[in-house]
Every structure is written in C-alpha cells, then in structure tokens.
Amino acid sequence: MNRIFSGMQPTRQLHLGNYLGALRNWVDLQNSYECIFCVVDLHALTIDQDSEVLRNNIREVAAAYIAAGIDPDKNILFNQSVVPGHAELSWILSCHTPLGWLNRMTQFKEKAGKQKDMANLGLYAYPTLMAADILLYKATHVPVGEDQKQHLELARDIAGAFNRRYETEFFPLPEPQILGEATRVMSLRDGKKKMSKSDESEYSRINMTDDADTIAQKIRKAKTDPEPLPETVTELEARPEADNLVTIYGALAGQSREQVLAQFAGAQFSDFKKSLVDLSVDKLAPITSRMKELLGDKAEIDRLLKKGGERAAAIAEKNLNDVKDIIGLLRP
Ligand code: AQP
C-alpha cells in the first residue's frame, strides 16, 4: 500500500515557498494515495515560541491545509503532539542513529550558525524526529521541497539500518517526492537564499495570508537586474532573481519556464511584475479568504484536528507496538 506522510512547522506564517514547494502538490496527491498531513508542532519547539502564538499558528497551518484544498475527511489531518508515538519512536530511532550521520546535516549547520554550543539538542535531533514522523506510519512517499531532501535521505538510512539490525523488512524506505516547477522558491531579496519563514525581512517572502496590496508591494520591491527578460532558460542561469520570478510565475500559471519566456521575452521587469502581481493575487486570494473564514471558527478546527489525531493514533499505536516487540521492549 502506498501511503504519504508530510508536514509543515507552525513557525510563523506559511509562505509561497511552502505552498508551491509542498502544499499545492499534496492537494493533487490526495486523490492517488492514502495521505497523512501533519502540523509538526513538536518540530516548532526547536525555536523559542510564545505559547499563545504557537497555539494560533497550529490552527493557522491546519486552516491553510484545508483552504488550499486538503479534504480533512478523506485524509488524516492532525497536529503531531497529540500522538505520543512521534516522540517515543524518535527516541528509539535516536538510539540507532550514529552521530556522524547527524553531523552531516546542512540545515543544522545553517540554523545553528556560529554558536553551535548554544543551539538546542532538539534542533540537532530534528532529523531523527522527522524520520520518526514518517516511519511511525510506515509511509512510502514523502512530498517535500528540495530543502528537505537531505533529511529524507537520512530517514531512509535510519529505516535501512533498523531493518538490517533486526533482520526485518518492517520499515519501507520512504521515497521523496520533489514535484512541480518550484521545488526551491528563493527569497525575493536574494535569489541565492531560499524563501524562508525565519528570514528577518518581510519583503523576502509572500505569506499565504498577505492581502492584495501587500503582495503587490512585495513583488514591486523584489530584487531584479536591469536587463529585460531573456529568450531562453539558459540565459536565466546567471540571473538568480530573474530566474526566481520566472519560476514563481510558471508554477502559479501551471507553465514551464520556457513557456513563460515565450510569452514575456524582451519585456521589462516592471511590466512582468504587474502580470506576476495579478496572477499571485488571483491564485492566493481565494485561499487567504477561505483561511480567514475557517479561523473564524476555532472550535471547528480543533474538532477536525482531534478527529484526525484519533485516526493517526490508531495507526501509530499498532506500528509502535510492533517496533517494541521487534527490539525486545516488554509490553506486559
Ligand atoms: N523556499 C521553499 N521552496 C520550496 N519549498 C519549500 N519548503 C520550505 N521552504 C521552501 C517546503 O515546505 C514544507 C514545509 O516546510 P517547514 O515548515 O517544515 O519548514 P522549512 O522547510 O524549514 O521551511 P522554512 O519556511 O524555511 O521555515 P524556517 O524558516 O522556520 O526554517 C517542506 O516540504 C519544505 O521542503
């Protein structure tokens, strides 16, 4: 059976990178797979959180999933912390993960920065918790943006190591699904940095809750170069900011970069940006207004998450018990 697991952290607001790199693909995949979509709130604790803000962000991410088109009845939608098996399996897997594997993780190096000794243990262990998220449900496929590829490879390595150690094929090796035109959406201020929730500049990203005026302002201010749009994709290689805007346009319009250039080659960026604003507002506005509607009834979001959590827990408990039996933990 093919089963999908994927999640997003409720750390600040979701942005266009989260939407184009992951969420939008989930909406298509829900018709071909059994899907489990999680708000990974335990992962969010790797950065300092205000409790009230975190609670709201968890609901907001759940609302974004539903507003983007995820059906909470058809799929399992829940927040990670309601299923204790995530933390439990994470511990078990940690005991099967050599430190050397974690030391290779580039995201830890980037996020910990120069003061590595001050980074928290959770940030370091993040990839084993992510492996536990996926393996707890024996998921076979994991749709993510390109930035998560290394963590996914680690999850496969951990699953493989566990299977070899206990001479079993218990865990499937999860396949990354890096889909669509915009697998790595870049910052609007720097075409070499990925668009990220934690970037200090609000102008670096378009949030899924931005209104039309804010989107227009951010796109107008997006960094570009003085040249008009080129004729070929090869000419975009040395122009990361231009490449990023063309990629975003293509992803929103459902076109390849070649098709976008066929339409806009020779245009000035000021004109292209106007079309990009119209397209972005056109695609995002219905999602934003649906999100607002959903967030007007917090009790209903909580009800949906609770129901999803119960469905997730049933699968998790069975798999975790099997893991305990395999490794020899007594369940009297
Ligand atoms: N810029 C991006 N382009 C394409 N995909 C992206 N994703 C994130 N940024 C981009 C994908 O979105 C999913 C959820 O990401 P996450 O919430 O788990 O956190 P992240 O990957 O760490 O994203 P951020 O926005 O950069 O958060 P911060 O700044 O908090 O670290 C994943 O599938 C991810 O690949």
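The table below gives the values:
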read-out	value
Pairs beyond 30 Å (Cα-Cα), from K114/K306; K74/K318; K194/K273; K149/K318; K194/K318	K114/K306; K194/K318
Cubic angstrom per residue, convex hull over Cα atoms of the range 210-292	82 Å³
Net charge of Cβ neighbours under 13 Å - reference H141; Lys, Arg +1; Asp, Glu -1	0
Percent antiparallel among DSSP beta bridges (both partners in the chain, rounded to 5)	10 percent
Dipole magnitude of the range 218-332, debye to nearest 20 (Cβ charges: Lys/Arg +1, Asp/Glu -1, about Cα centre)	700 debye
Positive-pole candidate from A242, L276, L229, dipole of the range 210-292, charges at beta carbon	L276
Theoretical ellipticity at 222 nm over the chain - DSSP helices of four or more residues, -39500 (n - 2.57) apiece, nearest 500	-16500 deg cm²/dmol
About the Cα centre, charge dipole magnitude for the chain (Lys/Arg +1, Asp/Glu -1 at Cβ), debye	540 debye
Efficiency of FRET from Cβ geometry, A265 and A285, R₀ 25 Å, rounded to 0.05	0.30
Residue (of G122, Y19, A68) at the positive-pole extreme of the chain, dipole from beta-carbon charges	G122
Cα centroid separation, the range 236-279 to the range 171-208 (Å)	17 Å
Footprinting exposure proxy for L154, L42, L279 (fewest neighbouring C-beta atoms within 10 Å first)	L279, L154, L42
Ranked packing of 137-149, 210-222, 58-70, most packed first, by mean Cβ within 10 Å	58-70, 137-149, 210-222
Positive minus negative residues near V61 (Lys, Arg vs Asp, Glu; Cβ under 13 Å)	+2
Cα long-axis angle, helix 240-253 against the chain (0 to 90 degrees, to the nearest 10)	80 degrees
P(r) histogram, all alpha-carbon pairs of the chain included - 10 Å bins from 0, percent	5, 25, 32, 24, 11, 3, 0, 0
For the range 288-332 and the range 21-95, distance of Cα centres in Å	9 Å
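Taken together, the values in this text are just the output of simple stated rules run on the coordinates, not laboratory data. All values derive from a computational prediction rather than experimental measurement. Ideal geometry is used to build each Cβ from the backbone, glycine not excepted, and the neighbour counts take in all protein chains shown.
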